[in-house]
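The values are calculated or read from the model by the stated rules, or taken from the named source; none is laboratory data. This one's a predicted model, so the numbers in the text were calculated from it and none came from an experiment. Reconstructed Cβ throughout: ideal geometry from the backbone, glycine too, with neighbour counts over all protein chains shown.
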Amino acid sequence: MNSYEHTIIARQDLPENENKSLISKYESLIKKNSGEIVKTEDWGLRTLARRINNNKKGYYFHIKFKGIGKTIVELEKEENIDEKLVRSLTVKVKEHDLKNNFFEKKDT
């Protein structure tokens, strides 16, 4: 199995409970299609570099997982029809960096 990192940007106007159900939906989709979740990170609400579909901000989630080609195909097929998402990106990596959380929420 290959290692992947997948980032999802959800719309800013979704309630907190919908964000949690959205991430659990995609985690179960990965598991159902021969995938294995390694780590899920909640990066929170962040400002986008430019507007995407009239959204100035987006709620970021990052999933590190192992899977096969079918896992990626089914994941991206489901995301293309989900109107709650602004963008998504899947990147194949050699190995997962589980020590660092580059976008962890900081209390100010």
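At-a-glance table
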{"quantity": "Hits in region 77-89 - residues which are among the hydrophobic types (A, V, I, L, M, F, W, C) and either part of a strand (DSSP E or B) or surrounded by 10 or more Cβ atoms within 10 Å (Cβ to Cβ) (or both)", "calculated": "L85, V86, L89"}
{"quantity": "Whichever residue in region 12-32 is within 15 Å of D42 (Cβ to Cβ) and among the acidic types (D, E) and, among such residues, is surrounded by the fewest Cβ atoms within 10 Å (Cβ to Cβ)", "calculated": "E16"}
{"quantity": "L75 of a type in the set (A, V, I, L, M) and within 14 Å of the chain's Cα centre (by Cα)", "calculated": "yes"}
{"quantity": "Filter result (assigned to a strand (DSSP E or B), more than 15 Å from the chain's Cα centre (by Cα) and not basic (K, R)) within region 15-66", "calculated": "T47, L48, A49, I52, N55"}
{"quantity": "Residue check for K92: assigned to a helix (DSSP H, G or I) and of a type in the set (K, R)", "calculated": "no"}
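Results for (1) out of contact with any strand residue (DSSP E or B) (no Cβ under 6 Å at 6 or more places or on another chain); (2) modelled with pLDDT of 90 or more; (3) closer than 14 Å to I9 by Cα, shown as yes or no for each residue.
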| site | (1), (2), (3) |
| --- | --- |
| N54 | yes, no, yes |
| Y59 | no, yes, yes |
| F65 | no, yes, no |
| G69 | yes, no, no |
| V73 | yes, yes, no |
| R87 | no, yes, yes |
| V91 | no, yes, no |
| F103 | no, no, yes |
| T108 | yes, no, no |
